[in-house]
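Enquirer: Below are the structure tokens for one structure; questions will follow.
The values are calculated or read from the model by the stated rules, or taken from the named source; none is laboratory data. Note that the structure is a prediction, hence the values are computed from the model and not measured. Note: ideal-geometry Cβ built from the backbone for every residue, glycine included; neighbour counts use all protein chains shown. Accessible surface areas use protein heavy atoms only, side chains included; no ligands, DNA or RNA. Shrake-Rupley method; radii C 1.70, N 1.55, O 1.52, S 1.80 Å.
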Amino acid sequence: MEYVLELKGISKAFPGVRALDNVHFNLKPGCVHALCGENGAGKSTLIKIINGIYKMDQGDIFYKGERIIPQNPKQMLDLGVATIHQELSPILDMTIAENIFLGREPLNKINLIDVRKLYRDTQKLLDDYGFKYNSHTTMRNLSISDLALIEIVKAVSRDASVVIMDEPTSSITESETMLLFEKIRQLKAQGISVIYISHKIDEIFEICDEVTIFRDGKWVFNCPIKDIDKNGIIEKMVGREIREQFPKEDVEIGDSIFEIRELDGWRFHNVSLNVRRGEIVGVAGLVGAGRSELFRAVFGLEEIKSGEMFLEGKQLRIRESKDAIEAGILMTSEDRKREGVVLCLSVRENIILSSLKEIMEYGLLNFRKEKSNVNEMIEKLSIKISSQNDLVSSLSGGNQQKVVLAKWLLKSPKVLILDEPTRGIDVGAKYEIYKLMCVLAKQGVSIIMISSELLELIGMSDRIVVMSRGKLTGEMNRSEFSQKRIMEFAIRGFENEQSKAE
Ligand SMILES: Nc1ncnc2c1ncn2[C@@H]1O[C@H](COP(=O)(O)OP(=O)(O)OP(=O)(O)O)[C@@H](O)[C@H]1O
Ligand SMILES: [Mg+2]
């Protein structure tokens, strides 16, 4: 058998978009095959077709040499195709164990679910992976990175011949990514094939054997990974050359404008921080370090137990995010699905939602202004849509993220907090977002960027602060940046624990 999965002449159109136009894709046994392309290139659509979630308009699919017509994800799972989807949609009321074994629960002699075995097996699985979860925990209580990890365990613990991973690492840390890669290598050794989708190009070179590239719904390129380099992939993806990855500009940095003084909350302690006008402050740390919690609290989404905040010298009282927004502090959330966008509204409605007041005139909505404002944002961020009326739920993952950004940029913030702003965003669009950050900084906006990508922090920040276990553990200026230093600060507080255990 030359190919375990063979896709031929696949086409799929949605109203106004040709998501896939006569593409092909061949997966060899035991091969880790990267599928690359910009936001909206059609990658997730192909995966959903393989899973029977979308019906293709045209094309043939062969699995282990036999022609199949995917009906639904369950059928494909039974055949041996397990998928980690880009947009996770776990059943939040289930426990971790129920979720991992959904549809294949262990049964006892009288064909009832063997609950004790279910939890025991799950616990063993989690322990084997080195994940510190209790199998009884409900999914609702997990953070987005936890959910991603559970999804990974779920998919790779299936007895599959093909495992599909659509952006598996977009919300997990680098050390967790290493665990995942270890797992992928094991799968490969067992002859299992993997389709790997990621916007992190370095990962592709680390783990993949072969790459296929789509652009605008069309197949453009395929080769073994050893025959291409990073710039080659980027060029084929975007159809043009991108020379610098981080377009950081030197901006004159002004006085301190925003100050946090001895802030205490449930998951952050005694944090003090000054941010200056036009400054980009990167916030580094491991997942769980309390970075999102801290800034969610600053933005009024989580409780502050004590401490003070000042904006332009004036003390702030932030009880809910409305107060923060009114003061000029805006934040994009790391979990765009839960907090960033309203999926059932259109792109225009989403972008305009929080700026309604500004574009009202005499109590009426100024439609012309609304439309041109939205257009400007769509162009600035190169959001790929067929019309402003497209529902956000129909956009590709990266384009949804851009809608979240567009929404806040319209409001001309004083302080902009970006939590993982480029997660799931392709290289071309990342570049656009970085450029936009520079433009904003030049206009005097102070930017706080929480990111798990060290290179991005190093490339774009004027200053990096590091958090570990809810505390600020380090701070460095541009001339002092290094991955090693950041990591040293990021694990502060953990070393002690280890020596205690010994
Ligand atoms: N359910 C849908 N209804 C309408 N259009 C859709 C739907 N799903 C996808 N599309 C459109 O199809 C195109 C391809 O989207 P897809 O999600 O496959 O992109 P992608 O390559 O996965 O991008 P990303 O890297 O951002 O995840 C996009 O233009 C998208 O807006
Ligand atoms: Mg996608």
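Enquirer: Can you list the residues, at least 5 places off or on another chain, whose amide H is less than 5 Å from the amide H of CYS223, using H built in the peptide plane?
Expert: It is VAL211, by chain and number.
Enquirer: With the contact rule set at Cα under 8 Å and sequence spacing of 6 or more, what percent relative contact order holds for segment 204-264?
Expert: Once normalised by length, the contact order is 22 percent.
Enquirer: For segment 5-238, with equal point scatterers placed on the C-alpha atoms only and solvent neglected, what are the log10 I(q)/I(0) values from the Debye formula at q = 0.07, 0.15, 0.16 1/Å, to two decimals?
Expert: -0.23, -1.04, -1.17
Enquirer: For LYS371 and HIS24 in the same chain, what is the full-extension length gain: residue separation times 0.36 nm, less their Cα-Cα distance, in nm? Could the numbers behind the result be given before it?
Expert: On the way: separation 347, 0.36 × 347 = 124.92 nm, distance 3.85 nm.
Net length gain for the segment: 121.1 nm.
Enquirer: List residues of segment 450-480, by number, whose backbone nitrogen lies under 20 Å from a label position 7 Å along Cα→C-beta of LYS442.
Expert: The answer is 459-463, whose backbone nitrogens lie closer than 20 Å to the label point.
Enquirer: Another question about this same structure. How high is the FRET efficiency between GLU475 and ASP323 when r is their beta carbon distance and R₀ equals 25 Å, given to the nearest 0.05?
Expert: Between GLU475 and ASP323 the formula returns 0.35.
Enquirer: Okay, next question. Would you kindly calculate the mean projected area, averaged across all directions, of the convex hull enclosing the Cα atoms of segment 149-252, in square nanometres?
Expert: If you wrap the Cα atoms of segment 149-252 in a convex hull and average its projections, you get 8.9 nm².
Enquirer: For segment 249-319, run through the GluC sites (Glu not before Pro) and keep only the ones in DSSP coil with at most 10 other Cβ atoms within 10 Å of their Cβ.
Expert: Details: sites: GLU249, GLU252, GLU259, GLU262, GLU279, GLU293, GLU302, GLU303, GLU308, GLU312; in loops: GLU249, GLU252, GLU279, GLU302, GLU303, GLU312.
Listed in order of number, the matching sites are GLU252.
Enquirer: Hey, another quick one. Summing +1 for each Lys or Arg and -1 for each Asp or Glu, what net charge is found among the other residues whose Cβ lies under 12 Å from the Cβ of SER272?
Expert: Its environment carries a net charge of -3.
Enquirer: Okay, next question. Rounded to the nearest 0.05, what FRET efficiency is calculated for LEU107 and SER175 with R0 set to 35 Å and r the Cβ-Cβ distance? Write out the running numbers ahead of the final one.
Expert: Working: r = 36 Å, r/R0 = 1.04.
With R0 = 35 Å, the Cβ-Cβ based efficiency is 0.45.
Enquirer: Zone of PHE62 (label point 7 Å along Cα→Cβ, backbone N under 11 Å): which residues in segment 1-23?
Expert: Zone members listed by number: 1-8.
Enquirer: Any idea how far the Cα center of segment 12-79 sits from the one of segment 180-238, in Å?
Expert: Distance between centres, Cα-based: 16 Å.
Enquirer: Between exposed trypsin sites (Lys or Arg not before Pro) in the chain, where DSSP calls loop and at most 11 other Cβ atoms lie within 10 Å, what's the longest gap?
Expert: 320-502
Enquirer: What full-extension length gain, to one decimal in nm, is calculated for PHE131 and GLN186 as 0.36 nm per residue of separation minus the Cα-Cα distance? Mind dumping the intermediate values first?
Expert: Working: separation 55, 0.36 × 55 = 19.80 nm, distance 1.75 nm.
Net length gain for the segment: 18.0 nm.
Enquirer: Using only Cα atoms, what is the ratio of the radius of gyration of the chain to 2.2 N^0.38 Å?
Expert: Values: Rg = 23.4 Å, N = 502, 2.2 N^0.38 = 23.4 Å.
Against the empirical 2.2 N^0.38 Å value, I get 1.00 for the chain.
Enquirer: Okay, next question. Which loop GluC sites (Glu not before Pro) in segment 47-153, with loop taken from DSSP, have no more than 13 other Cβ atoms within 10 angstrom of their Cβ? Provide the component values of the computation, followed by the final result.
Expert: Details: sites: GLU66, GLU87, GLU98, GLU151; in loops: GLU87.
Qualifying residues, ordered by number: none.
Enquirer: How much of the DSSP bridge set in the chain is antiparallel, in percent, rounded to the nearest 5?
Expert: Antiparallel bridges make up about 60 percent of those DSSP assigns within the chain.
Enquirer: If N is the number of residues in segment 419-502, what value comes out of its Cα radius of gyration divided by 2.2 N^0.38 Å?
Expert: Against the empirical 2.2 N^0.38 Å value, I get 1.28 for segment 419-502.
Enquirer: Counting Lys and Arg as +1 and Asp and Glu as -1, each charge on the Cβ, what is the dipole of the chain about the Cα centre in debye, to the nearest 20?
Expert: 760 debye
Enquirer: Relative contact order for segment 264-321: what is it in percent, counting Cα pairs under 8 Å that are at least 6 residues apart?
Expert: For segment 264-321, the relative contact order is 37 percent.
Enquirer: For the chain, which whole percent of the accessible surface, found with a 1.4 angstrom probe, sits on carbon and sulfur atoms? Numbers along the way, then the final one.
Expert: Numbers: 11270 of 23140 Å².
The computed percentage sits at 49.
Enquirer: If you keep only loop residues by DSSP, which chymotrypsin sites (Phe, Trp or Tyr not before Pro) in segment 231-310 have at most 13 other Cβ atoms within 10 Å of their Cβ?
Expert: Of the chymotrypsin sites (Phe, Trp or Tyr not before Pro), the ones in loops of segment 231-310 whose Cβ has at most 13 other Cβ atoms within 10 Å are TRP266.
Enquirer: Once R0 is set to 25 Å, what does the formula 1/(1 + (r/R0)^6) return for the Cβ-Cβ distance between GLU312 and SER272, expressed as a FRET efficiency to the nearest 0.05? Show your work: numbers first, answer last.
Expert: Values: r = 18 Å, r/R0 = 0.70.
That pair, GLU312 with SER272, gives E of 0.90.
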